[in-house]
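Values quoted throughout were computed directly from the atomic coordinates according to the rules given, and no laboratory measurement underlies them. This one's a predicted model, so the numbers in the text were calculated from it and none came from an experiment. Positions of Cβ are generated from backbone atoms using ideal geometry, with glycine treated the same way; all protein chains shown enter the neighbour counts.
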């Protein structure tokens, strides 16, 4: 299976990326109207990839998820190439009786087996993963996720 | 320098990614209205990253670029994780008297020094790079770019 993108220069460092009938604007500067930077889109791609895995696996484990979020923060190197040297990911799952082991297992399957974006940057970007579970009237429970693979 | 993204589950595998005041919709299915898949956004991120480098370096080399495009096609593995195993990139530069060595040098600097997304996937994704130059009434000239680093 293949995916195609056509990028066309507009002006300055502004580009239009076209994928089938959809377009997304790119620019090098943050907060330029509706445009995104390539490094922002990379984080969205990584977060979206693992989000879909985890959400789907939680369903398969019959966890009744009411709300699900991921907070991502990537730290870039100071030197060129200004790649992400580390990325913090926090998964937040809200629902009645969400099991810690179910969330941990979903994250593990995403990280080790399913998430294509994680697989491509393995070894070059350090991931710091945490998760938080809340439900009913209980306060949030916070956990560190221990990465098994390097 | 750091970049933050918040992802919030909407329904099914649909998510909203928020970066400062901008939002982008994600979905697992292609062509779902304005949404993108994580793997599509990854390609946009890679293409945008090298596009900005190359466009900027061509300016610094005083190449008078009238039109600049990148065509990208990524082939995914059949097995999980369904990461890109190879990505074809074709840079197309149009303008009067565009020098082949200038384009080649711009691509090389992007690939080896500046492009953060390429740096993060180095070693895990094979890049097949070509470029095309056209200008005035001349027909397109096509070139293969030889990757030096593995």
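Got a sec? How would A:147, A:37, B:50 order by Cβ neighbour count within 10 Å, fewest to most?
The order, fewest Cβ neighbours first, is A:147, A:37, B:50.
Counting helices only, and only those DSSP H runs with n ≥ 4, report the 222 nm mean residue ellipticity of chain A as the sum of -39,500 (n - 2.57) divided by its residues, in deg cm²/dmol to the nearest 500.
After summing the helix terms and dividing by residue count, I get -8000 deg cm²/dmol.
From the convex hull of the Cα coordinates of the protein assembly as shown, what is the mean projected area in square nanometres?
Details: hull surface 63.0 nm².
If I average the Cα hull's projected area over directions, I get 15.8 nm².
Considering the rotational relationship between chains B and A, which residue of chain B contributes the beta-carbon of minimal distance to the axis, and what is that distance to the nearest Å?
Output: B:41, 2.
Please give the contour-minus-distance gain from residue A:4 to residue A:126: 0.36 nm per residue of separation, less the Cα-Cα distance, rounded to one decimal in nm.
Details: separation 122, 0.36 × 122 = 43.92 nm, distance 2.84 nm.
Stretched fully, the residue A:4-residue A:126 segment lengthens by 41.1 nm.
I need the inter-copy label distances for residue B:21: point set 7 Å along Cα to C-beta, values in nm with one decimal, smallest first.
With the label placed 7 Å along Cα→Cβ, residue B:21 yields 3.1 nm.
Provide Rg and Dmax in Å for chain A, with only Cα atoms included in the calculation.
For chain A, the Cα radius of gyration and maximum Cα-Cα distance read 17.6, 53 Å.
One decimal, nm, shortest first: give the distances between the label point of residue B:10 and those of the same position in the other copies, each label point 7 Å from Cα along Cα→Cβ.
2.1
Using only Cα atoms and rounding to the nearest 10 degrees, what angle (0 to 90) does helix B:100-109 make with the longest principal axis of chain B?
That works out to roughly 40 degrees.
Between helix B:38-60 and chain B, what is the angle of the helix's C-alpha long axis to the longest principal axis, kept within 0 to 90° and rounded to the nearest 10?
Between the helix axis and the principal axis of chain B, the angle is about 30 degrees.
Counting only DSSP beta bridges with both residues in the protein assembly as shown, what percent are antiparallel, rounded to the nearest 5?
Roughly 75 percent of the DSSP beta bridges within the protein assembly as shown come out antiparallel.
Run through the other copies and list how far each one's label point is from that of residue B:147, in nm with one decimal, shortest first; the point sits 7 Å from Cα along Cα-Cβ.
Ordered by distance, the counterparts are at 2.3 nm.
What fraction of the DSSP beta bridges in chain B is antiparallel, stated in percent and rounded to the nearest 5?
If we restrict to bridges inside chain B, about 70 percent are antiparallel.
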